[in-house]
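Novice: Just dropping this structure here.
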Amino acid sequence: MLERAKEIIKDISSETDSIILMHSLSGKDSIALLDLTAPYFKRIVCVYMYAVADLDHIKPYHQYAASKYRNTEWLQVPHYGIYSYIKNGYMGCERNPKQRLWKLSDIIDKVRQRVGVEWCCLGFKQSDSLNRMLMLRSYKDGKESICWSGKKFYPLSTYRNIDVLEYISSKHLKTPEAYGGGGQSCGCDISDYHYLKYLSEHYPSDLEKIYSIYPRTRFIIGEHEQGRQ
């Protein structure tokens, strides 16, 4: 399964033995990509972008993956969205109007400098959104998956969510979290009711960490449930 993705990964493995993998820890695309890339590289630096650092609910997958894939290293870095949150005081966080805004490319470049690895793997798919479809189709590598000039590659470019989930099931990999709303956390779901409700029921200490940094999130669960009555 996902044979086209494997071909893309093999193409990059002929260029380097080390990659950065932007990894959400509990999301389906990241789970599949780590399993796909692990056989082809000596060193995989998995980078998790967070809105709140050191949450307990991401640890089970981290422990599972670090044990299963011995050629991995793991970093947690602030999500690029945090800088916009700080600049605007989003959800009551401490505001700094002078805060510099960051983009995903800025985060990747900073990680590259830190770990000394150039090639970066991301889980973008054309089926995710129109913007991603246009971006990925602009790559003229024959597979709409490799940005040679920017040293980034997207093995899942031409696949759908169902294809990724079928791969995870066929390989008996750890199941991605769904949080009751049908989606997976990207590390930046602090205003999503289903995510916060999941934490309230299973990881209340994580929820308190979110509340302490983004105090207005404290009202989301109650307001959502009151609106449904």
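Quick note: the coordinates plus some simple rules give every number you see, no bench work behind them. Treat the numbers as computed from the prediction; the structure is a model and nothing was measured. Quick reminder, even Gly has a Cβ in these numbers, built from the backbone with ideal geometry, and neighbours come from all protein chains shown.
Novice: When region 17-42 is examined, which residues are found to be in contact with an Asp or Glu (Cβ under 7 Å, 6 or more places away or on another chain) and more than 19 Å from P60 (Cα to Cα)? Don't jump to the end; show me each part of the working.
Specialist: If we filter region 17-42 for residues that are in contact with an Asp or Glu (Cβ under 7 Å, 6 or more places away or on another chain), which is where we start, we get 26, 41-42.
Residues satisfying the conditions are F41, K42.
Novice: Restricting the search to region 44-61, which residues are within 18 Å of K171 (Cβ to Cβ) and assigned to a strand (DSSP E or B)?
Specialist: Listed by number, the residues that qualify are I44, C46.
Novice: Here is a follow-up. Considering only residues that are in contact (Cβ under 8 Å) with a residue 24 or more places away in the chain and within 16 Å of I9 (Cα to Cα), look in region 118-140 and name the one that is surrounded by the fewest Cβ atoms within 10 Å (Cβ to Cβ).
Specialist: Per the criteria, the residue is E118.
Novice: Shifting gears a bit: Does region 1-21 hold any residues that are touching a strand residue (DSSP E or B) at 6+ places or on another chain (Cβ under 9 Å) and within 18 Å of K174 (Cβ to Cβ), and which are they?
Specialist: Selection gives L21 alone.
Novice: Could you tell me which of the residues S84, S127, S105, S67 is part of a loop (DSSP other than H, G, I, E, B) and either on the phi < 0 side of the Ramachandran plot or aromatic (F, W, Y) (or both)?
Specialist: Being part of a loop (DSSP other than H, G, I, E, B) and either on the phi < 0 side of the Ramachandran plot or aromatic (F, W, Y) (or both) holds for just one of S84, S127, S105, S67, which is S127.
Novice: Considering only residues that are among the hydroxyl-bearing types (S, T, Y) and farther than 17 Å from M91 by Cα, which ones fall in region 189-229?
Specialist: The answer is Y198, S200, Y203, S205.
Novice: While we're here: Would you mind telling me which numbered condition in (1) of a type in the set (A, V, I, L, M, F, W, C); (2) part of a loop (DSSP other than H, G, I, E, B); (3) touching a helix residue (DSSP H, G or I) at 6+ places or on another chain (Cβ under 6 Å) I220 fails?
Specialist: All conditions are met except number (2).
Novice: Would you mind finding the one in S67, S84, S13 that is closer than 25 Å to L196 by Cα and of a type in the set (S, T, Y)?
Specialist: Residue meeting the stated conditions: S84.
Novice: Restricting to region 1-43, and then to whatever is in contact (Cβ under 8 Å) with a residue 60 or more places away in the chain and assigned to a loop (DSSP other than H, G, I, E, B), can you tell me which residue is surrounded by the most Cβ atoms within 10 Å (Cβ to Cβ)?
Specialist: Out of the qualifying residues, it is L25.
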